[in-house]
Amino acid sequence: MPLSAADVVAQLSSLIGANAVIGEPGKMGNYLNEPRKRFHMGAAAIALPGSVEEVQSIVRWANDTGIGIIPQGGNTGLVGAQVPLRGDEVVVSLAKLDRIRSVDVAAGTMTAEAGVILENAHKAAEAEGTIFPLWLGSQGSARIGGLLSSNAGGVNVLAFGNARELTMGVEAVMADGRLYRGLNSLKKDNTGYDLKDLLVGAEGTLGIITAATLKIFPKPEDYETTIVNIAGPEAALTLFQLLRERTGSRLNAFEIIPHLGLEMQLRQGMLDRDPTAGPSPWYALIEVSRMKGGVPGSLQAAIEAAFAEGLIDNAVFAESLGDRTRMWAFREQMSEVQSKEGASIKHDVSVPIAAVPQLIAEGTVAAERLVPGIRAVPFGHMGDGNIHFNFSQPVGADAKAFMAAHDEQMHEAIYEIVLRLGGSVSAEHGIGQLKRELLRQVKDPVALDMMRAIKTALDPKGILNPGKMLG
């Protein structure tokens, strides 16, 4: 017979202590209310294990009882992977596993537990004169386990790669409660399947990551940061190619933002002043790192060359930390400001870099054809082809009516273009429960069969994040 919620709480309490279990629905809100408020299911209980051994105990119990468990980090995910789907699952928060186990500067590695907040990982690396370059807007609350489980991206993917590329090894609790001890710090280990790559990006469906060995890098002596005025994505693509030729691997970020994004932030009072050099249809935020002994001015020289070729018509450089902070706030607040402007239909997509201008042009036309007055707000990681192609409601429209009438048809229109251009319908946010039906429609059938076979082999009872990703 299925366990009642009271039984679940009682049995979990006997395993990890009553103080580590939340059974009252009124106290579960922080663990159930995900950022976009799209999913609204309850849970049988919230478990907060304080050690890897306690995570193992919970998983063994779940495997024996058939109770579904949902691993959760900072609850910042945007596709609902970290919150309940059915209402009878147990959310297992890894927040208490928050130790930095070691930092090895010589090896270029840091071992951090799953509950370490990203910002604290940054501080631990910087205390040793290094950096951990995974950088995104939710770094004050996102946790390492969730970031790895969703293969998070961020603004430094161009130079350093996404979460998978920054991970050398993981420790994880498997579905039967056994511990996979894969905290490898070797750059070369050719002894079979790379199992960490199964777990990173699996959204907790194959195992619960409890710790990871992460790559760290020497801290740059300084950064050169600029916002340039550009005519549009075509010019941005040419400018990006010029900068790659002149700055190489020192080019950390190349982000594009439409003028509408600046208008919105100034109107909503989110910027204390305009960080750009003046009005422009589009802007590119560009950053280059300078290592110790490096010669300053490489970005300025490249921008001067771009001026000479007519790719840009104005630019402003950060002359202080305050300037750099303001420039990055302009980029990082793009999602938040759209919420303040009403309803927004969002797409996290990627295409080959050369196809970004075509994606934006065709997507904007398609959206305006469907909804006259809609406001296209495409922005993001031009340097790696990942565009957050969002659409804000027409001014004065009713938010609920806008979403009800146009959400599905807008997705269909944009995804058709993305797939035709050889792109992906989920660039960095994952699948979760939001895109699981879409995944079945667009993923190669052989790939889906392989994924299902792996899931069945590693989690035969289906207790790990049930229903997510593969359904």
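What follows draws every value from the coordinates through simple rules; no lab data is involved. The structure displayed is predicted, hence computed values, not measured ones. Methodologically, a virtual Cβ is constructed for each residue, glycine included, from the backbone with ideal geometry; neighbour enumeration extends over all protein chains shown.
Within the stretch 420-454, track down each residue that is of a type in the set (S, T, N, Q), more than 22 Å from Gln72 (Cβ to Cβ) and under 20 Å from the mean Cα position of the chain (by Cα). Step through it out loud before you land on a result.
Step one: list which residues in the stretch 420-454 are of a type in the set (S, T, N, Q), which gives 424, 426, 433, 441.
If we keep only those that are more than 22 Å from Gln72 (Cβ to Cβ) too, we end up with 424, 441.
Across the stretch 420-454, the qualifying residue is only Ser424.
Among the listed residues Val337, Val288, identify the single one that is crowded, with 20+ Cβ neighbours inside 10 Å, under 29 Å from Phe160 (Cα atoms) and either in contact with a Lys or Arg (Cβ under 8 Å, 6 or more places away or on another chain) or free of Cβ contacts under 8 Å to residues at least 40 places away in the same chain (or both). Please lay out each step first, then the result.
Values: Val337 fails: either in contact with a Lys or Arg (Cβ under 8 Å, 6 or more places away or on another chain) or free of Cβ contacts under 8 Å to residues at least 40 places away in the same chain (or both).
Residue meeting the stated conditions: Val288.
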request  = Would you point out the residue of the stretch 77-129, among those that are among the acidic types (Asp, Glu) and within 21 Å of Ala142 (Cβ to Cβ), that is surrounded by the most Cβ atoms within 10 Å (Cβ to Cβ)?
outcome  = Glu113
key: Exclusive hit being outside any loop (DSSP other than H, G, I, E, B) and either surrounded by fewer than 22 Cβ atoms within 10 Å (Cβ to Cβ) or of a type outside the set (Phe, Trp, Tyr) (or both), set Asn229, Asn184   = Asn229
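Have a look at Ala367, Ala355, Ala376 and point out the one that is hydrophobic (A, V, I, L, M, F, W, C), farther than 18 Å from Val155 by Cβ and not in a helix (DSSP H, G or I).
Values: Ala367 fails: not in a helix (DSSP H, G or I); Ala355 fails: not in a helix (DSSP H, G or I).
Checking each option against the conditions leaves just Ala376.
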message = Looking at (1) under 22 Å from Ile117 (Cα atoms); (2) over 19 Å from the mean Cα position of the chain (by Cα), which one does Lys187 not meet, given that it meets all the others?
response = (1)
inquiry  = Step by step: first the residues of the stretch 145-179, then only those that are without any contact (Cβ under 8 Å) to a residue 40 or more places away in the chain and buried (at least 20 other Cβ atoms within 10 Å of the Cβ), then the one that is farthest from Pro218 (Cα to Cα). Which residue is that?
reply    = Ala172
key: Odd one out for Val21, checked against (1) in contact (Cβ under 8 Å) with a residue 60 or more places away in the chain; (2) over 30 Å from Ser335 (Cβ atoms); (3) buried (at least 21 other Cβ atoms within 10 Å of the Cβ)   = (1)
query = Listed residues Leu85, Leu118, Leu78; which is in contact (Cβ under 8 Å) with a residue 24 or more places away in the chain, in contact with a Ser or Thr (Cβ under 8 Å, 6 or more places away or on another chain) and of a type outside the set (Val, Ile, Thr)?
reply = Leu118
note = Only one of (1) outside any loop (DSSP other than H, G, I, E, B); (2) closer than 18 Å to Thr213 by Cβ; (3) aliphatic (A, V, I, L, M) does not apply to Ala107, and that is (1)
request  = Identify all residues within the stretch 241-261 that are crowded, with 21+ Cβ neighbours inside 10 Å, part of a helix (DSSP H, G or I) and within 23 Å of the chain's Cα centre (by Cα); write none if there are none.
outcome  = Gly261
